[in-house]
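Data first, discussion second: the structure below is written as structure tokens.
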């Protein structure tokens with residue numbers, strides 16, 4: 001365990017920015033670390049409202065599995081509250097963040113679960129795009145000093161675990177859940193649907 005922690009810290013210091021890092025790099029990493037995640041709800045809402053109806057199953061699956069995975073992360077943090085780099089302290093921090101447990105990364109988990117759900121969907125191109133975005137976010141949060149590299153690897157591993165564990169259940173119950181939500185959606189938004197503003 002000590003050797004793994006030593007490796008984690010060594011890798012972190014190799015990636016972490018320093019006061020000599022260019023301001024442009026810091027600004028770019030800050031945008032990626034904070035703002036790219038905000039695009040995910042917009043993407044899911046857009047795919048539900050204007051995408052192919054066949055994709056709604058994956059929209060709902062990716063949202064629900066992500067929620068379960070984040071709950072799992074919270075429990076891991078309670079059981080093993082690994083400190084963030086700046087709480088040790090180690091390296092340099094360029095992004096304000098509460099001193100919550102660092103392992104596994106919630107940002108990394110969100111993108112990993114989403115990418116898995118969409119890579120194994122009828123629109124796998126979105127999955128690859130989410131995977132690339134997730135890698136950028138993972139790099140940026142280590143670069144800015146709020147996560148360790150193994151926080152991101154842990155996020156990937158827990159995401160694979162939840163995806164593999166819950167996908168069989170989704171295969172049995174997901175169609176009914178999606179149909180129920182679609183029925184509610186069509187009742188609540190009947191007028192914009194009838195006007196052609198959003199898809200049926």
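Just so it is clear, none of the values below were taken in a lab; they were calculated from the coordinates. Predicted, not measured: the structure shown is a model, and the values here were computed from it. A quick note on method: Cβ atoms are made from the backbone with ideal geometry, for glycine too, and the neighbour counts reach across all protein chains shown.
Quick notes on this structure:
- Helix 23-35 and the longest principal axis of the C-alpha atoms of the chain enclose an angle of approximately 40°.
- Alpha carbon centroid spacing (whole Å) that separates region 73-139 from region 1-66: 6 Å
- Residue order, fewest to most surrounding Cβ atoms within 10 angstrom, among 38, 114: 38, 114
- For 182, 5, 20, the sequence from fewest to most other C-beta atoms within 10 Å is 20, 5, 182.
- Our analysis of the chain gives Rg over Rh at 1.04, with the two radii drawn from alpha carbon positions and Rh computed by the Kirkwood formula.
- Cα shape, region 1-106, gyration tensor, a/c 1.5 rule: oblate
- Of all the options 118, 170, 139, the one that moves most in a Gaussian network model of the chain with Cα springs shorter than 10 angstrom is 170.
- Prolate/oblate/rounded label for region 105-161 (Cα gyration tensor, a/c 1.5): oblate
- Counting 0.36 nm for each residue step from residue 74 to residue 98 and taking away their Cα separation leaves a gain of 7.2 nm.
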